[in-house]
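Encoded as structure tokens, here's the structure I'll be asking about.
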Amino acid sequence: MWAELLPVGRSAASGGYRRFAWNSADAECRAWFEQQARDRGLTYELDRNGNQWAWLGDPQAGGAVVTGSHLDSVPDGGAFDGPLGVVSSFAALDELRSRGTEFTRPLAIVNFGDEEGARFGVACIGSRLTAGVLSREAAYDLRDAGGVRLPDAMEKAGYDPTGIGADDDRLARVGAFVELHVEQGRYLTEGQPVGVAGAIWPHGRWRFDFHGEANHAGTTRIEDRRDPMLTYANTVLAARKKAQHAGALATFGKVAVEPNGTNAIASLVRGWLDSRAADERTLTGLVAEIERAAAERGERDGVRVELTRESYTPVVDFDGPLRDRLAKLLDAPVLPTGAGHDAGILASAIPTAMLFVRNPSGVSHSPAEHAEVADCLAGVTALADVLEDLACH
């Protein structure tokens, strides 16, 4: 399974992956998922939000145990973030069948669409829509960098977008969701290939618009310039300093410039801030400080600054009894995480938990992302044990 997925959407130049929502690589991944489901005799289903489901047992029976993750990537992302969870879910089912396990509850494997938000700027779109966290109206307003609307992209890929939105009926039939994921960081140590997630830090994405004045780079005096690039650069540095002071995280990882000419002073710079902290008060205060620093520098530079919050996820505590049950079953450590996941989005509606597979490099969202084969197999065994405990007793 891993070998089949490995070349899909991979850039020859960077070695990273460009599996974005509703593009050709995404379509290949979706076709792969459907084939894996049919090869195992599972009931394949596409829900109203474009998420893929593979069912063992009656999907309508209720109390289902669900596992899975996502197959899309960030720009030039690694091979493990997302796909490891989906591949491991099918492998865990194979393991349980080899044990002769008898299921007492329905089991499903899911591939949630557009988890990374690389194309439309909002993370976890598939699970957000399903949980009602993202409304149909808000989803219809989302556009990619080329101006393509989300529903138009879905329709072009062969999916009907008219029914997208909250899917309470489906969630009511799920008793628990367990997502396996490659570790993002280096909390797991020697002898601990698998951990259990405790909580997800609150996090969000904010767009800073720096409005200046376009002018000629070779003829405009320094003192006559209203250069938004200066304000943007100062804001990036301020974000780093203030995040470090707060014990939090702040990253400007995406920027767009107009008119984007080598010999032109920009008229507009857009910078996207990703910020995360251990608690919501710290996060709110940090973003406010960064905004204040941007505005103060903008006043000096003659640049107007606008801030727009594009997405926000409050702190997520995974289901306590389920988390503790898994940690005891696997004799595994409980870990914090600063990354958002579909399991975190669904936590407000159904009991959810996460397993992490050790990543010795600590690198994620990069082609250098890695997990050893032995640790991946340990993750499969751990997931199989969890599913057996939840769906077979």
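5 Å is the cut-off here: which amide hydrogens, built 1.01 Å from N in the peptide plane, fall below it relative to Ser366, excluding neighbours closer than 5 in sequence?
Gly78
What number comes out for the charge environment of Asn51, summing +1 per Lys or Arg and -1 per Asp or Glu over other residues with Cβ under 12 Å away? Could the numbers behind the result be given before it?
Values: positive: Arg30, Arg48, Arg128, Arg170; negative: Glu45, Asp47, Asp72, Asp114, Glu115, Asp167, Asp342.
Taking every Cβ under 12 Å from that of Asn51, the sum is -3.
Taking springs between alpha-carbon atoms closer than 10 angstrom, which of Asp39, Asp114, Asp94 fluctuates most in the Gaussian network model of the chain?
Greatest mean-square fluctuation among the candidates belongs to Asp39.
Could you pull out the GluC sites (Glu not before Pro) across the range 153-230 that fall in loop regions by DSSP (anything but H, G, I, E, B) with no more than 12 other Cβ atoms inside 10 Å?
Details: sites: Glu155, Glu179, Glu183, Glu190, Glu213, Glu223; in loops: Glu183, Glu190, Glu213.
Filter output for the range 153-230: Glu190.
Provide the per-residue ³J(HN,Hα) series for the range 39-47, in order, calculated from phi with Karplus coefficients 6.51, -1.76, 1.60 and θ = phi - 60°, each as a whole number of Hz, with x at glycine and proline positions.
4, 9, x, 7, 7, 8, 8, 10, 7
Using a ≥ b ≥ c from the Cα gyration tensor of the range 140-200 (square roots of the eigenvalues), is it rounded, prolate or oblate, where a/c under 1.5 gives rounded and otherwise the larger of a/b and b/c decides, a/b for prolate?
oblate
Given a 1.4 Å probe, how much area per residue of the range 33-87 is accessible, in Å²?
Numbers: 1580 Å² over 55 residues.
That works out to 29 Å² for each residue.
Continuing with this model, one more query. Tell me which GluC sites (Glu not before Pro) from the range 7-102 have a DSSP coil assignment and no more than 15 other beta carbons within 10 Å of their own. List each step's numbers first, then the result.
Values: sites: Glu28, Glu34, Glu45, Glu95, Glu102; in loops: Glu102.
Sites meeting the loop and neighbour criteria: Glu102.
Hey, another quick one. Which of rounded, prolate, oblate describes the range 1-41, given a ≥ b ≥ c as roots of the alpha-carbon gyration tensor eigenvalues and a/c under 1.5 marking rounded, otherwise prolate only if a/b is larger than b/c? The partial results should precede the final answer.
Working: a/c = 4.39, a/b = 1.78, b/c = 2.47.
The shape class here is oblate.
Search the structure for amide H atoms under 5 Å from the amide H of Glu310, placed 1.01 Å from N in the peptide plane, and list their residues when 5 or more places away or on another chain.
Here Arg205, Trp206, Arg207 satisfy the definition.
Over all directions, average the projected area of the Cα convex hull of the range 270-333 and note it in nm².
Values: hull surface 24.4 nm².
Computed as one quarter of the Cα hull surface, the answer is 6.1 nm².
Further question on the same structure: Using the Karplus curve 6.51 cos²θ - 1.76 cosθ + 1.60 with θ = phi - 60°, what ³J(HN,Hα) values do you get for each residue of the range 313-330, in whole Hz, with x for Gly and Pro?
Along the range 313-330, the couplings run 10, x, 4, 10, 9, 5, 3, x, x, 5, 4, 5, 4, 5, 4, 5, 4, 8 Hz.
Express the accessible area of the range 252-327 per residue in Å², computed with a 1.4 Å probe while the remaining protein chains stay in the model. Before the final figure, lay out the partial values.
Working: 4130 Å² over 76 residues.
Spelled out: the 1.4 Å probe surface of the range 252-327, per residue, equals 54 Å².
When the accessible area of the chain is split by element with a 1.4 Å probe, what percent falls to carbon and sulfur? Could the numbers behind the result be given before it?
On the way: 8380 of 17010 Å².
Carbon with sulfur: 49 percent of the solvent-accessible area.
Still on this model: Step through the residues of the range 269-278 one at a time and calculate ³J(HN,Hα) from phi using the Karplus curve (6.51 cos²θ - 1.76 cosθ + 1.60, θ = phi - 60°), rounding each to whole Hz and writing x for Gly and Pro.
Calculated HN-Hα couplings, in order: 10, 10, x, 9, 9, 10, 9, 8, 8, 5 Hz.
Which cross-chain or sequence-distant (5 or more) residues have an amide H under 5 Å from the amide H of Leu142, H modelled 1.01 Å from N in plane?
Hits under the 5 Å cutoff: Leu150.
Now for a different question. Hand me the chymotrypsin sites (Phe, Trp or Tyr not before Pro) from the range 304-393 located in a DSSP loop with no more than 10 other Cβ atoms within 10 Å, in residue order please. Walk me through the numbers on the way to the answer.
Values: sites: Tyr312, Phe318, Phe356; in loops: Phe318.
Here no loop site has a sparse enough neighbourhood.
Is the shape of the range 60-103 best called rounded, prolate or oblate, per the rule: a/c under 1.5 gives rounded, else a/b larger than b/c gives prolate, else oblate, with a ≥ b ≥ c the square roots of the Cα gyration tensor eigenvalues? Show your work: numbers first, answer last.
Working: a/c = 5.80, a/b = 1.86, b/c = 3.12.
Here the range 60-103 falls in the oblate category.
What does the accessible area per residue of the range 175-227 come to in Å², with a 1.4 Å probe and no ligands, DNA or RNA counted?
Values: 2330 Å² over 53 residues.
Here the per-residue accessible area is 44 Å².
The values are calculated or read from the model by the stated rules, or taken from the named source; none is laboratory data. Here the structure is a predicted model, which means the values were calculated and not measured. Ideal geometry is used to build each Cβ from the backbone, glycine not excepted, and the neighbour counts take in all protein chains shown. All accessible areas refer to the heavy atoms of the entire protein, side chains included, with ligands and DNA or RNA removed. Shrake-Rupley method; radii C 1.70, N 1.55, O 1.52, S 1.80 Å.
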